[in-house]
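All of the numbers you see were taken from the coordinates with simple rules; none came from a lab. It should be emphasised that the depicted structure is a prediction, and the values quoted were computed from it without experimental measurement. Here the Cβ is made from the backbone with ideal geometry for all residues, glycine too, and neighbour counts use every protein chain on show.
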Amino acid sequence: MNYRSYTLFLWLRIGAVVIAALILSYGILNDRYYYIIPAALLLLFLVFNLHAYTTRRFREMDDFFESVKYRDFSRWFVEDSGSQDIRHLHKGFNLVNRTIKSIDRERQAQFVYLQKILSMVNVGIIAFNLENGAVMWLNDSFLKLLDFPSFKNISFVEARRPSVYEELFDRYHTTGSSVTLKMRQEDIKVLITDTVFEVEENSFKLVAVQNIEETLNQTESEAWKKLLSVMTHEIMNSIAPISSLAETLEHELLAAAAHPKNHQIAVDDLLAGITTIKRRSDGLMKFAQTYRTLNKVTHVHKTPVNAQVLFSSIQSLLEPSIKEKQVKLIFENPDAGQVLLVDSYLIEQVLINLILNAIDATQDVVDPTIVIET
């Protein structure tokens, strides 16, 4: 039975009561006693029936509102017995209960999901009631960071570490503040951010605490890894051609020593090779000293360097590697007297890296040629 049918049925009952009352009034005014008794009995029956009809429905609604008041949405109202309008009313109550329970389950799932996320983050988080200090929620990172056992009220912190309590809970850090908290064994530097929010009539404060020292240590560790990677790459790029050139010179010397008449070695070539090795070794030492200070190159020691001399030094250093790789290396310098104002050690390191990278990049190329020109 829908709302319109229920209303129509109610008005019919009220109409029947009015008609019985009119018949009774007519009998009394006209001394028709044979109308009075039946009309009076009918009127009593109809009034009682109307009263019972409305009382039962109000009782049903009162029971439902009582369960809503105490948030008891587990009650099930019978839908397959009683009058049609009562069944329809019970179906409506059950629908409301099912909807509210569904919303509550979704809310609980979202809350659990949020708790899991916040418990996994590496930032300490706590929310508490501003009026009574009751803790609404906190994660394990907060307890671990501040070395606290689990507590229900921030008065626990106030009684044990007043200075920490003042920084975290008394002061406001809406824009984020870097402070040092004095712990039992050591002082830790943290970043504190907080905000105030309201839930119904209560005000809460949310505080987020992040350990800056751990973040800095992690960043420093990553920087060291990158530094070592760069140093390894640069040193290997310099050592490889030095080793190759030294091996070539050693081979030439051994051959000349074994067969002095058949194998003559040019002193100029030997001297040029040794000079090249020395220069590159000096450049490698300078490079290592630069990184030993953990600073980038901020002062470039520029000196006039003849481009042809620079190219000759690099060609002598890399020539054994080039022959082994079967790569053609060409230095083009139209102006033989051209002078460059550069740091000779660093520009050599740059050119060696570029040439070695080019050699690696041309492994699958037929008759590869690398050209360096000024």
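Under a 5 Å amide H cut-off, with hydrogens placed 1.01 Å from N, Leu130 pairs with Ser203, Phe204, Lys205 among residues at least 5 apart or on other chains. Karplus-based coupling profile of region 128-139, in residue order and whole Hz: 9, 6, 5, 7, 10, x, 5, 6, 7, 6, 8, 9, with θ = phi - 60° in 6.51 cos²θ - 1.76 cosθ + 1.60 and x standing for Gly or Pro. Distances between placed amide hydrogens fall under 5 Å for Leu340 paired with Val305, Asn306, Ala307, all partners being 5 or more residues away or on another chain.
Stretching the chain fully between Lys328 and Lys182 yields a gain of 45.9 nm (0.36 nm per residue, less the alpha carbon separation).
So between Glu106 and Asp72, what do we pick up on full extension, going 0.36 nm a residue minus the alpha carbon distance? This chain segment gains 10.5 nm when fully extended. Taking the DSSP bridge list for region 303-374 and keeping only pairs wholly inside it, about 45 percent are antiparallel. Among the listed pairs Lys226/Lys302; Lys152/Lys205; Lys69/Lys101; Lys226/Lys323; Lys144/Lys189; Lys152/Lys189, those with a Cα-Cα distance over 23 Å are Lys226/Lys302; Lys226/Lys323; Lys152/Lys189.
Rounded to the nearest whole Hz, the Karplus-based 3J(HN,Hα) values (6.51 cos²θ - 1.76 cosθ + 1.60, θ = phi - 60°) of region 335-344 follow the sequence 9, 5, x, 5, 10, 10, 9, 9, 8, 4, with x at glycine and proline. Once the Cα-Cα distance is subtracted from the 0.36 nm per residue extended length, the Leu206 to Leu354 segment shows a gain of 47.9 nm. Applying 1/(1 + (r/R0)^6) with R0 = 45 Å to the Cβ-Cβ distance of Ser81 and Leu29, what FRET efficiency is obtained, to the nearest 0.05? Computed FRET efficiency for Ser81 and Leu29: 0.50. In order along region 93-109, phi translates into HN-Hα couplings of 4, 5, 5, 4, 4, 5, 5, 5, 5, 5, 4, 5, 5, 5, 5, 5, 5 Hz, rounded to whole numbers, per the Karplus curve 6.51 cos²θ - 1.76 cosθ + 1.60 with θ = phi - 60° and x for Gly and Pro. For Trp137, the residues whose modelled amide H falls within less than 5 Å of its own, excluding neighbours fewer than 5 places apart on the same chain, are Ala127. With a/c under 1.5 counting as rounded, go ahead and sort region 312-354 into rounded, prolate or oblate using the C-alpha gyration tensor (a ≥ b ≥ c being the square roots of the eigenvalues; past the cut-off, prolate if a/b is larger than b/c, else oblate). The shape class here is oblate.
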